[in-house]
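Asks: Take this structure, written in structure tokens, and hold onto it; I'll ask about it next.
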Amino acid sequence: MSTAQQTMLVILRTLIGWHFLYEGYFKLLRPAWGQDGVPLGAWSSSGYLRGASGPLANIFSAVGTSPWVGTIDQIVAVALVGIGIALMLGALTQLASIGAIGLLTLFYLSAIPTTGLPQPRLEGTYLFVNKNLIELAAVAVVFVFKTGRMAGLDRWFASARRRPPSAFEEAAE
């Protein structure tokens, strides 16, 4: 694989990581805002989950009305931040990619776009393909090409494990 190809794959991984990190950061530290610019309170997925229309709508709706929704919101937000940081640093990239694929699959299944028309206040939602599905495919590319081994902490850790012991380390044995 050429250096340019590897560079673009690492850039793709980093951008996806930034998106995950920012989404999680926003959910953890910022309130939800009303249309008039007035804070509504802490972010909650409750409305989104109750409005789910995908094949698992009943399950998502039940989660959205459960007393656990606040805890689930925190878990999702922390997962987004963790996945984002891992992808940006190229650390545990394969595990972070699996986590990202799992979350994006859930996000996609909660509202598969079937109208074929752009929806108000829902960017990138068209017939069957939306931004969640596109990002899921991009994360799958990051996973398949093991971009953490191209550039990132995964590469550094792999090279540290392969290096021969130093003379000092051999003398200590």
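The values are calculated or read from the model by the stated rules, or taken from the named source; none is laboratory data. Quick caveat: nothing in here was measured; it's all calculated off a predicted structure. Methodologically, a virtual Cβ is constructed for each residue, glycine included, from the backbone with ideal geometry; neighbour enumeration extends over all protein chains shown. The area values use the complete protein model at the heavy-atom level, side chains included, leaving out ligands, DNA and RNA. Shrake-Rupley method; radii C 1.70, N 1.55, O 1.52, S 1.80 Å.
Asks: How would Leu15, Leu104, Leu127 rank on accessible area, largest to smallest, probe 1.4 Å?
Replies: Heavy-atom accessible area, descending, gives Leu15, Leu127, Leu104.
Asks: Here's another thing I want to ask about it. Work out the P(r) tail for region 50-102: percent of alpha carbon pairs separated by more than 17 Å, whole number.
Replies: Tail fraction, whole percent: 50.
Asks: With a 1.4 Å probe and all protein chains kept in place, how do Val76, Val142 rank by accessible area, largest first? Write out the running numbers ahead of the final one.
Replies: Details: Val76 35, Val142 5 Å².
Largest accessible area first, the list is Val76, Val142.
Asks: What accessible surface, in Å², does a 1.4 Å probe find on Phe20, ignoring ligands, DNA and RNA and rounding to the nearest 10?
Replies: Per-residue accessible area (Phe20): approximately 10 Å².
Asks: Heads up, I need the accessible area for Lys131: 1.4 angstrom probe, whole protein in place, Å², nearest 10.
Replies: 90 Å²
Asks: Let me ask something else. Assuming R0 = 30 Å, can you tell me the calculated FRET efficiency for the pair Ala137 and Thr65, based on Cβ-Cβ distance, to the nearest 0.05?
Replies: 0.40
Asks: Given the protein chains as shown and a 1.4 Å probe, how many square angstrom of Trp156 are accessible, to the nearest 10?
Replies: Number for this one is 150 Å².
Asks: Hey, if we sort Glu23, Glu135 by accessible area with the 1.4 Å probe, largest down, what's the order?
Replies: The most accessible residue leads, giving Glu23, Glu135.
Asks: Computed FRET efficiency, Cβ-Cβ of Leu153 and Leu28, R0 35 Å: what is it to the nearest 0.05?
Replies: Calculated transfer efficiency: 0.90.
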